[in-house]
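The values are calculated or read from the model by the stated rules, or taken from the named source; none is laboratory data. Because the structure is a prediction, the values reported are computed rather than measured. Heads up, the Cβs are rebuilt from the backbone with ideal geometry, glycines too, and the neighbour counts pull from every protein chain shown. The protein model used for the area step is the full one, side chains on, heavy atoms only, and it has no ligands, DNA or RNA in it. Shrake-Rupley method; radii C 1.70, N 1.55, O 1.52, S 1.80 Å.
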Amino acid sequence: MLAKVHSGAVYGVDAYPVEIEVNAGHGEPCVVIVGLPDTAVKESKDRVHTAITNSGFRPHVGRTTINLAPADIKKEGPCFDLPIAIGILATQGHIPADPVGQYAMIGELALSGAVRRVKGVLPIALSVRRQGLRGLLVPAENAEEAAVVKGLEVYPVRNLREAADFIAGKLAVTAHEVDLEDIFTASSDGEEDFADVKGQEQAKRAVEIAVAGGHNLLMIGPPGTGKTMLARRIASVLPPMLLEEALEATKIHSIAGTLATHQALIARRPFRSPHHTISDAGLLGGGAHPMPGEVSLAHRGVLFLDELPEFHRNVLEVLRQPLEDGSVTISRAAATVTFPCQFMLVAAMNPCSCGYYGDPKRECRCTPNQIQNYRNRISGPLLDRIDLHVEVPAIRYQDLAAVAPGESSAAIRERVQAARRVQQARFKSLRKIHNNAGMRSREIQKFCPLPSDAQDMLKMAITELNFSARAYDRILKVARTIADLEHSETIASHHVQEAIQYRTLDRQLWV
């Protein structure tokens, strides 16, 4: 007897339908799985056989052939356990075959028959909705994640017996639902606030400009001046996530397996802070079966690189292309996948190896050559891609002892959102550009005209300070953002002047 069961598998950040054909025939007792299964899929026959037995069903005695279609794409992971088991039960007559074809299902089976959570449920749920099937059976721990897909009935199941009885019509299972509004409201609670930051007004100003225009930011200063504290609060002033952005981020985290149990959605902008010992594969993504890296996990959020010069040089250099393109493509012999990575890069570093160069109270122990070698760990092309460089000096006692709190994240976020609305109106006819940082040469020429006095100031800066062509574009983008924060339609000379001040490492005035 032949039974067909619908399921799905992940490729990159999207999913494709997989049809599982199970045929129970005569012959020597064995189970054969075809359709390019990996080791985890091949081992499912033993898990499924034991789970069927422990769930109170009689296993088939004879030859069982299982085909995973399409047969030319490699199938990975344990997510096919549940549909394979249901297909086997249908071939034996334990459940009717007709209702089986109306549902899609995914899930790993324990030997007891319990259904365990799997990765990649959200993209599979989106794929199932496009197929127009009646519903999707998922592990109970993945129900919230799948239920964010509106227009799809999601049925949580806890074990194989429950899934079989539901399909056979012997058990009623209520479709799971989530309230997206409640999820977004709850995600805004407990955020760290800029009101906790004492002093550092110049650094706060640079953060506000960076967030308003989506610019990359580098903070330079001795240890203990609040660089990490500032960075961890940047997510609190970013505009709230839209549902489309939340779905994009959640798909990536679902594939990577970083979603918490019963977590429905990444409703708060991601903040990723990898350790400086990370490899290039860990940062960009990779592996024999490509998985997203930290740059993709930070999609629509912030990637924070603390102690920037301590990262391996090759790791920092591979950041250049994702910063420009907003995506990363990983090529392997078996497949080529592309992961999105539109993130705001925030980095922090000390001025020298000991950390105290330029500190008025502590003596630097580094030689000029050591200082230069330390800074040369960050290449010029990478620095060119960072729009703002800001110094974060030691905090004065008066600021530390101040009783009054600083400006709150809510007040800063209000100004940021106002500037973002201006940019959305400006770029509404351009599908791929959403903020000033995304402007290319053509858009810079169109939206960043300068009056004569501002042109003279920029010409002097380029000539005297030897800025690169890319740094020239960055200054114009930052100046455009500063003007947007002031609700100014034109870029004035003082906007350009402030933007030039945020090229500390280019100016070589820091040494």
Answer yes or no as to whether Phe427 is surrounded by 11 or more Cβ atoms within 10 Å (Cβ to Cβ), more than 18 Å from Arg385 (Cα to Cα), aromatic (Phe, Trp, Tyr) and modelled with pLDDT under 95.
-> yes
Considering Gly286, Gly199, which residue is crowded, with 17+ Cβ neighbours inside 10 Å, in contact (Cβ under 8 Å) with a residue 12 or more places away in the chain, in contact with a helix residue (DSSP H, G or I) (Cβ under 6 Å, 6 or more places away or on another chain) and on the phi > 0 side of the Ramachandran plot?
-> Gly199
Conditions (1) assigned to a helix (DSSP H, G or I); (2) open to solvent by less than 50 Å² (accessible area, probe 1.4 Å); (3) touching a residue at least 40 places away in the same chain (Cβ under 8 Å) -> Ile491 fails only (1)
Only listed residue being farther than 30 Å from Ala146 by Cβ and small (Gly, Ala, Ser), chosen from Ser296, Ser331 = Ser331
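Of these, Ala404, Ala437, which one is over 19 Å from Gln202 (Cβ atoms) and hydrophobic (A, V, I, L, M, F, W, C)?
On the way: Ala404 fails: over 19 Å from Gln202 (Cβ atoms).
None of the other options fit; the residue is Ala437.
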Is it the case that some residue within the range 104-122 is under 16 Å from Pro156 (Cα atoms), in a helix (DSSP H, G or I) and at pLDDT 95 or above?
-> yes
The residue that is least open to solvent (accessible area, probe 1.4 Å), considering only those in the range 350-377 that are polar (S, T, N, Q) and part of a loop (DSSP other than H, G, I, E, B), is Asn350
Among the residues of the range 369-407, how many are farther than 24 Å from Leu305 by Cα and at pLDDT 90 or above?
-> 1
Note: among Ile20, Ile33, just one is more than 18 Å from His94 (Cβ to Cβ) and crowded, with 18+ Cβ neighbours inside 10 Å, namely Ile33
Which pairs have Cβ atoms under 6 Å, sit 6 or more apart or on different chains, and link a residue in the range 213-240 that is more than 15 Å from Phe194 (Cα to Cα) to one that is open to solvent by 20 Å² or more (accessible area, probe 1.4 Å) and of a type in the set (Phe, Trp, Tyr)?
-> Pro222/Tyr356
Is it fair to say Ala51 is surrounded by 16 or more Cβ atoms within 10 Å (Cβ to Cβ) and farther than 26 Å from Arg130 by Cβ?
-> yes
Is there a residue being more than 22 Å from Leu382 (Cα to Cα) and modelled with pLDDT of 90 or more anywhere in the range 497-511?
-> yes
Count of residues meeting criterion [open to solvent by 30 Å² or more (accessible area, probe 1.4 Å), among the hydrophobic types (A, V, I, L, M, F, W, C) and not in a helix (DSSP H, G or I)] in the range 236-258 = 1
Looking at the range 22-29, is at least one residue closer than 20 Å to Ala163 by Cβ, in a strand (DSSP E or B), in contact (Cβ under 8 Å) with a residue 60 or more places away in the chain and out of contact with any Pro (no Cβ under 7 Å at 6 or more places or on another chain)?
-> yes
Sort out which residues of the range 312-334 are open to solvent by 10 Å² or more (accessible area, probe 1.4 Å), of a type in the set (A, V, I, L, M, F, W, C) and assigned to a loop (DSSP other than H, G, I, E, B), and write them in order of number.
-> Val318, Ala333, Ala334
Looking at the range 103-136, which of its residues are within 14 Å of Ala164 (Cα to Cα) and in contact with a helix residue (DSSP H, G or I) (Cβ under 7 Å, 6 or more places away or on another chain)?
-> Tyr103, Ala104, Met105, Ile106, Gly107, Leu109, Gly113, Val115, Leu136
Of all residues in the range 215-229, which are under 25 Å from the mean Cα position of the chain (by Cα) and open to solvent by less than 10 Å² (accessible area, probe 1.4 Å)?
-> His215, Leu217, Leu218, Met219
Answer yes or no as to whether Val100 is among the β-branched types (Val, Ile, Thr) and either under 20 Å from Lys119 (Cβ atoms) or open to solvent by 50 Å² or more (accessible area, probe 1.4 Å) (or both).
-> no
Looking only at the range 166-186, count how many residues are touching a residue at least 12 places away in the same chain (Cβ under 8 Å) and closer than 21 Å to Phe57 by Cα.
-> 5
Could you please give the count of residues in the range 130-148 that are part of a loop (DSSP other than H, G, I, E, B) and either surrounded by 20 or more Cβ atoms within 10 Å (Cβ to Cβ) or without any contact (Cβ under 8 Å) to a residue 12 or more places away in the chain (or both)?
-> 2
Restricting attention to the range 30-55, report how many residues are touching a Pro at 6+ places or on another chain (Cβ under 7 Å), over 21 Å from Ser127 (Cβ atoms) and either touching a residue at least 24 places away in the same chain (Cβ under 8 Å) or aromatic (Phe, Trp, Tyr) (or both).
-> 1
Looking at the range 435-454, which of its residues are open to solvent by less than 100 Å² (accessible area, probe 1.4 Å), in a helix (DSSP H, G or I) and polar (S, T, N, Q)?
-> Asn436, Ser441, Ser452
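Just checking, does the range 6-15 include any residue being farther than 22 Å from Leu126 by Cβ, touching a residue at least 12 places away in the same chain (Cβ under 8 Å) and surrounded by fewer than 21 Cβ atoms within 10 Å (Cβ to Cβ)?
No, every residue in the range 6-15 fails to be farther than 22 Å from Leu126 by Cβ, touching a residue at least 12 places away in the same chain (Cβ under 8 Å) and surrounded by fewer than 21 Cβ atoms within 10 Å (Cβ to Cβ).
Which is under 19 Å from Pro139 (Cα atoms) and at pLDDT below 90, of Gly27, Gly77?
On the way: Gly27 fails: under 19 Å from Pro139 (Cα atoms).
When all the criteria are applied, what remains is Gly77.
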